[in-house]
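The values are calculated or read from the model by the stated rules, or taken from the named source; none is laboratory data. Small disclaimer: the values here were computed from a predicted structure and weren't measured. Here the Cβ is made from the backbone with ideal geometry for all residues, glycine too, and neighbour counts use every protein chain on show.
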Amino acid sequence: MAKKNQLIKCAKCGQEFPNDVLSEAHKDEAFVSDEAILCKDCLIMAGGNPFTGQTYLEFQKQKKTKQHDW
């Protein structure tokens with residue numbers, strides 16, 4: 001059975017981003033700001049900068065490589 005793609009949504013406008021689109025080629029589509037996922041337009045409207053903001057792809061990589069506290 002094929003793995004179903006998980007949809008990522010912008011917390012403000014509801015724009016959907018399927019996981020397969022959030023690759024290196026499209027990494028600047030979704031951002032993480034204060035633990036909320038935002039699209040590029042909502043990040044700008046919230047006062048964030050898409051050039052210095054953390055992308056969702058970077059956030060996912062950071063979660064996978066985080067060291068244990070023990």
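Below is a table of values for the structure above.
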| read-out | value |
| --- | --- |
| Those residues of segment 34-57 which are modelled with pLDDT of 85 or more, of a type outside the set (V, I, T) and not in a loop (DSSP other than H, G, I, E, B), in sequence order | A36, L38, C39, K40, D41, C42, L43, M45, Q54 |
| Matching residues, segment 12-33, being exposed (fewer than 15 other Cβ atoms within 10 Å of the Cβ) and modelled with pLDDT of 85 or more | C13, G14, E16 |
